[in-house]
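Working notes, structure below.
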Amino acid sequence: MGQNERDFADWLAARCRSLDGADGTGAIPIGDDMGAIAVGSSQILVSSDLMLDGVHFDSSKHSFEMIGRKAVACNLSDCAAMAVRPRGVVVSLAMPKSSTIDDAKAIIDGVVGICEEFECALIGGDTTGWKQGLVIDVAVIAEPFPGIEPVRRSGARVGDGIFVTGKLGGSIHGRHMTFTPRVKESQRIAMALGERLHAMMDISDGLGIDLDRMMKASNKGATLERSAVLSIASAALCDAVSNEDKRLVHALSDGEDYELLLSANIDEHDARELGLLRVGMVTDGGGLRLYDGQDIGTPLYPMGWQHF
């Protein structure tokens, strides 16, 4: 849906705003990586992702086990985005009429494999057949880690550094199917930084688009450093793209990196200790800008990067 998807998400959040907290259960409303409700003294967080053959995976190229793994990994990345502990997943499959029981078993093998890796149970789901391609819908249920409040995307502060947990761009070369959700890293970061960690989310649609979302949620702006963004371009991307401007665009706008993006008040020593890579700074006022060593006046356009 592109821009229409973002417009719909904004409309949906506004449409449901009257329900947020109306009965004391709206702990985290629509607009973050996960929603949450309070149940007694506990907080339960939930997120879901829909995966389509030909869009998020290609069943003619990728194994069913790999497809099942990715479907859950995307949801676990939502847990990483908020530094919460995944506890269970529900998986629903719409299988093509041409598929076999062995195909479905292979998908579940991939699901169970990554669930075991992150101590998260497969607790249910649904299966049906139809005439179109494979569709997988996964919902994850999570809870806060002891001593860690879920980290939202709306708390960025002016002067914060903007950091990522790894290289960006070129995920289509294979990493979009094999990435490891940063659940363990997010717990370590949140524990180490405490109140100095102000906002966090995962990078699913590209650094530019997702940083734009974080800054809009926080009512702030951001400046990215051109040299810093180029330095975090993935090795596969650097090998494939020699032109700096094009490599910059890929690092900013390629999706499905699933690294963490965070806004925090920390120095270079703390960043190195936690394996964080600085790419910019939070500023007052809206919008994203690019600093190239000479000026700070180049605006970024997350939906198209028209200035290149």
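The values are calculated or read from the model by the stated rules, or taken from the named source; none is laboratory data. Note that the coordinates shown come from a computational prediction; the quantities given were computed from them, not determined experimentally. Note that each Cβ is placed from the backbone with ideal geometry, even for glycine, and that neighbours are counted across all protein chains shown.
For the stretch 1-45, the set of residues classified as in a loop (DSSP other than H, G, I, E, B), exposed (fewer than 13 other Cβ atoms within 10 Å of the Cβ) and at pLDDT 75 or above consists of GLY40, SER41, listed by residue number. Figure legend. Inter-residue proximity from the stretch 242-258: first residues in the same structural domain as LEU168 (by TED's automatic domain parsing) and basic (Lys, Arg), second residues part of a helix (DSSP H, G or I) and surrounded by fewer than 20 Cβ atoms within 10 Å (Cβ to Cβ), beta-carbon distance below 7 Å, spacing 6+ or different chains. Indicated pairs: ARG247/LEU230; ARG247/CYS238.
Kindly establish whether ILE162 is surrounded by fewer than 18 Cβ atoms within 10 Å (Cβ to Cβ) and either within 13 Å of GLU256 (Cα to Cα) or touching a residue at least 24 places away in the same chain (Cβ under 8 Å) (or both).
Working: surrounded by fewer than 18 Cβ atoms within 10 Å (Cβ to Cβ): no; either within 13 Å of GLU256 (Cα to Cα) or touching a residue at least 24 places away in the same chain (Cβ under 8 Å) (or both): yes.
Answer is no for this residue.
Please indicate, with yes or no, whether at least one residue in the stretch 239-247 is in contact with an Asp or Glu (Cβ under 8 Å, 6 or more places away or on another chain) and over 30 Å from SER63 (Cα atoms). No, the stretch 239-247 contains no residue that is in contact with an Asp or Glu (Cβ under 8 Å, 6 or more places away or on another chain) and over 30 Å from SER63 (Cα atoms).
Check whether at least one residue in the stretch 129-136 is part of a loop (DSSP other than H, G, I, E, B), surrounded by fewer than 18 Cβ atoms within 10 Å (Cβ to Cβ), of a type in the set (A, V, I, L, M) and modelled with pLDDT of 95 or more, and report yes or no. No, every residue in the stretch 129-136 fails to be part of a loop (DSSP other than H, G, I, E, B), surrounded by fewer than 18 Cβ atoms within 10 Å (Cβ to Cβ), of a type in the set (A, V, I, L, M) and modelled with pLDDT of 95 or more. Of all residues in the stretch 85-128, those satisfying the criterion of being more than 17 Å from THR180 (Cβ to Cβ) and assigned to a helix (DSSP H, G or I) are ILE101, ASP102, ASP103, ALA104, LYS105, ALA106, ILE107, ILE108, ASP109. Can you find even one residue in the stretch 232-240 that is within 23 Å of HIS176 (Cβ to Cβ) and among the acidic types (Asp, Glu)? Checked against the condition, which is being within 23 Å of HIS176 (Cβ to Cβ) and among the acidic types (Asp, Glu), the stretch 232-240 yields at least one hit.
Note on the stretch 54-84: residues that are part of a loop (DSSP other than H, G, I, E, B), under 26 Å from PRO150 (Cβ atoms) and among the aliphatic types (A, V, I, L, M) total 1. Among the residues of the stretch 266-298, those identified as within 21 Å of the chain's Cα centre (by Cα) and not basic (Lys, Arg) are ALA271, LEU274, GLY275, LEU276, LEU277, VAL279, GLY280, MET281, VAL282, GLY287, LEU288.
Scanning the stretch 144-180 for residues that are in a strand (DSSP E or B) and more than 16 Å from ALA83 (Cα to Cα) yields GLY161, ILE162, LEU168. Exactly one residue out of LYS167, LYS184 is buried (at least 19 other Cβ atoms within 10 Å of the Cβ) and of a type in the set (Lys, Arg): that is LYS167.
Here is a list: CYS74, CYS120, CYS79. Which entry is buried (at least 19 other Cβ atoms within 10 Å of the Cβ), more than 20 Å from SER204 (Cα to Cα), modelled with pLDDT of 95 or more and in contact with a strand residue (DSSP E or B) (Cβ under 6 Å, 6 or more places away or on another chain)? Talk me through it step by step, then tell me what you get.
Working: CYS74 fails: more than 20 Å from SER204 (Cα to Cα); CYS79 fails: more than 20 Å from SER204 (Cα to Cα).
Just a single option satisfies the conditions, and that option is CYS120.
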